[in-house]
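Single-structure report; data block below.
Since every read-out is calculated from the coordinates, none of them should be taken as a lab result. The shown structure was predicted, so the numbers you read here are calculated from the model rather than taken from an experiment. With ideal geometry, Cβ positions are generated from the backbone for all residues, glycine too; neighbour counts draw on all protein chains shown.
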Amino acid sequence: VQLQASGGGLVQTGGSLRLSCAASGVNFSIDNMGWYRQDSEKPRELVAAMAPSGQTAYSNSVKGRFTISRVNDKNMLYLEMTNLKPEDTAAYYCNADRLIARGYWGEGTLVTVSS
């Protein structure tokens, strides 16, 4: 199993970033996938989720600004982030419900939004 998030960086308020997650050892056809974020002062939170059916869900804080997507045959998960705000600053991780239950977290990618 390996989950590698990438694409983070420094961006100004109002800017955009696209995060990628190379996922091995997961199956998008059966695994619920999600993007999570954590900063130093808050617990890790789920910001975007995608079910095997393709149904998506978003936290209220990112709804309308972030879009989760996937490419099944490449086992790639994406998070398109637009209209970024300073409060979006965090380390971002991708994961599957099944792996979270086992305590596994891959490497995240840091997003910093300057005001």
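Between Ser59 and Ile30, what FRET efficiency comes out of the Förster formula 1/(1 + (r/R0)^6) with R0 = 25 Å and r the beta carbon distance, rounded to 0.05?
Efficiency computed from Cβ-Cβ geometry: 0.60.
I want the antiparallel fraction of DSSP beta bridges within the chain, as a percent rounded to 5.
Restricted to the chain, the bridges split so that about 85 percent are antiparallel.
Any idea which of Val111, Ser61, Ile30 is furthest toward the positive side of the dipole for the chain, if Lys and Arg beta-carbons carry +1 and Asp and Glu beta-carbons -1?
Positive-most Cα among the choices belongs to Ile30.
Along the three principal axes, how long is segment 1-58 when you take its alpha carbons, biggest first, rounded to the nearest angstrom?
36, 22, 21
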